[in-house]
Amino acid sequence: MKILVINCGSSSLKFQIIDSDSEQCLAKGLCERIGIEGSQITYQKTGGEKEVTQAPMPTHTEAIQLVIDAITNPKTGVVSSLDEIDAVGHRTVHGGEKFSKSVLINDEVIKTMESCNELAPLHNPANLIGIRACQELMPNTPMVGVFDTAFHQTMPPEAFIYGLPYEYYEKYGVRKYGFHGTSHAYVSRRAAEMLNRRYEDMKTIVCHLGNGASISAVDRGKCVDTSMGMTPLAGLMMGTRSGSIDPGIIEFIAHKEGLNVEQALEVLNKKSGVYGVSGYLSSDFRDLEAAANKGDKKAELAMKAFVYRIIMYVGGYVAAMDGVDCICFTAGVGENSPTIRTMICNYLFYLGLQIDQKKNQTRGEEIEISTDYSRVKVLVIPTNEELMIARDTVAILEGRL
Ligand code: ADP
């Protein structure tokens, strides 16, 4: 089957066409600046040249039409007509407690998805716009929603409940949901395959370290805890997000700096994390590492603090699962930074974990970086959320999910 995978944001839209039999990406691209002056589409057929075309996209419907034109282009396209697209898989950020797995989208599902908008006001409405635009242009093609939160729905109540009045959970759904679930699901499964072990027998910790970062504990195929919360602001220190902090700080800073709650949260989302700690130097770990190597103390502190939060979660998750067999690194930093991986693993000798520094120099490739003697396996696994969305989409169509 050929699956169109769509990841729709408020002003951008990423897409891939995946052949589900070979699990290969046939083409991919990105529409940028939707609804803004200067919009453009980037398209690349696998093995072909990257093409960038300026084109007006007042709404997501024009963007999807341009995607359709690109993939059906007689010269550079990958399908001869839209009929060859068997289904569309949509990445959807928040499924609340309503969706613990992917679903075939119908009017009822859209209504339920709308009821989750409040929980992810920046992301969910954009995802829904993408779904509607696709439905308009491809009315006969089945659409599947794949939720970032679904994989984490197996967390037990003691892990997801906050120490707040219980009525907030009942009335408003205030609880931990977690995000990056598609990535955590893909990587934890792939780890079992790489180690030739049964997924249902393994205890795995997945460190998804990108600009947004989260970590999860997967106990015998089920997520039992994750670091992001009701919103993606919780947990690890990130590129520009603070991660978990003393909640009392919000009122304190708001008072000192003359900010309202929204403005204070803007600081926590956009000016904090390693970017904030480094004195607004950069949120990119390549810049931080280069600066730290030249003696920049704040850049060094930002990296150390980022790593420290991670090892605190690892320790917690080893306790939660009563052990760990495998630790996986994924996403931009996890896949590409031998330095950060080393800094993390240097804290984990107590687990009997040891990495091979030569193997650890690998970037962006699937590899086991632990030594033969290491009691805990350490894997680098480039994440592939699009493939996971395509797999789920096919499974739904075939009635397996
Ligand atoms: P997101 O999807 O959350 O935006 P990504 O997973 O794409 O983030 O990761 C982006 C981050 O990966 C960049 O901010 C950068 O810090 C980091 N990164 C990419 N390549 C390297 C590298 N070679 N060394 C260190 N960090 C890297």
- Message: So if I check each of Lys75, Lys111, which one is exposed (fewer than 15 other Cβ atoms within 10 Å of the Cβ), more than 19 Å from Glu386 (Cβ to Cβ) and under 25 Å from the mean Cα position of the chain (by Cα)?
- Response: Lys111
- The correct count of residues that are more than 11 Å from the chain's Cα centre (by Cα), surrounded by fewer than 24 Cβ atoms within 10 Å (Cβ to Cβ) and either at negative phi or not assigned by TED's automatic domain parsing to the domain that holds Val267 (or both) in region 197-224 is 11
- Any idea which of Gly248, Gly243, Gly276 is in the same structural domain as Met343 (by TED's automatic domain parsing) and more than 16 Å from the ligand (Cβ to nearest atom)? Gly248
- For residues that are more than 12 Å from Asn211 (Cα to Cα) and outside any strand (DSSP E or B), scanning just region 323-334, find the one that is nearest to the ligand (Cβ to nearest atom). Val324
- Query: Which number in (1) under 27 Å from Ala217 (Cα atoms); (2) surrounded by 15 or more Cβ atoms within 10 Å (Cβ to Cβ) marks the one condition that Glu97 misses?
  - Reply: (2)
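For (1) more than 26 Å from Thr240 (Cβ to Cβ); (2) surrounded by 19 or more Cβ atoms within 10 Å (Cβ to Cβ); (3) among the basic types (Lys, Arg), each residue gets a yes or a no:
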| residue | (1), (2), (3) |
| --- | --- |
| Leu288 | no, yes, no |
| Met303 | no, yes, no |
| Tyr308 | no, no, no |
| Ala319 | yes, no, no |
| Ile327 | no, yes, no |
| Gly332 | no, yes, no |
| Ser337 | no, yes, no |
| Gly352 | yes, no, no |
| Gln357 | yes, no, no |
- Query: Of Ile3, Ile17, Ile34, Ile41, which residue is surrounded by 21 or more Cβ atoms within 10 Å (Cβ to Cβ), touching a His at 6+ places or on another chain (Cβ under 8 Å) and not basic (Lys, Arg)?
  - Reply: Ile34
- Item | Arg363 being within 15 Å of the ligand (Cβ to nearest atom), surrounded by fewer than 20 Cβ atoms within 10 Å (Cβ to Cβ) and charged (D, E, K, R) | yes
- Of these, Tyr162, Tyr177, Tyr186, which one is assigned to a loop (DSSP other than H, G, I, E, B), within 19 Å of Ser102 (Cα to Cα) and either within 12 Å of the chain's Cα centre (by Cα) or outside the structural domain of Val93 (by TED's automatic domain parsing) (or both)? Tyr177
- Name the residues in region 353-401 that are outside the structural domain of Thr342 (by TED's automatic domain parsing), of a type in the set (Lys, Arg) and free of Cβ contacts under 8 Å to residues at least 60 places away in the same chain, would you? Arg400
- Item | Residue within region 301-320 that is over 27 Å from Val376 (Cα atoms) and away from the ligand (no atom under 14 Å from the Cβ) present | yes
- Item | Selection within region 194-234 - more than 13 Å from the ligand (Cβ to nearest atom), part of a loop (DSSP other than H, G, I, E, B) and in contact with a Ser or Thr (Cβ under 6 Å, 6 or more places away or on another chain) | Ser227, Ala234
- In region 21-74, which residues are small (Gly, Ala, Ser), within 25 Å of Leu397 (Cβ to Cβ) and out of contact with any Lys or Arg (no Cβ under 7 Å at 6 or more places or on another chain)? Ser22, Gly29, Ala63, Ala70
- Message: Arg190 - would you say it is away from the ligand (no atom under 13 Å from the Cβ), buried (at least 20 other Cβ atoms within 10 Å of the Cβ) and of a type outside the set (Val, Ile, Thr)?
- Response: yes
- Taking the condition surrounded by fewer than 16 Cβ atoms within 10 Å (Cβ to Cβ) and in a helix (DSSP H, G or I), does Ile249 pass? yes
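The values are calculated or read from the model by the stated rules, or taken from the named source; none is laboratory data. Keep in mind that this is a model prediction, so the values were computed, not measured. Here the Cβ is made from the backbone with ideal geometry for all residues, glycine too, and neighbour counts use every protein chain on show.
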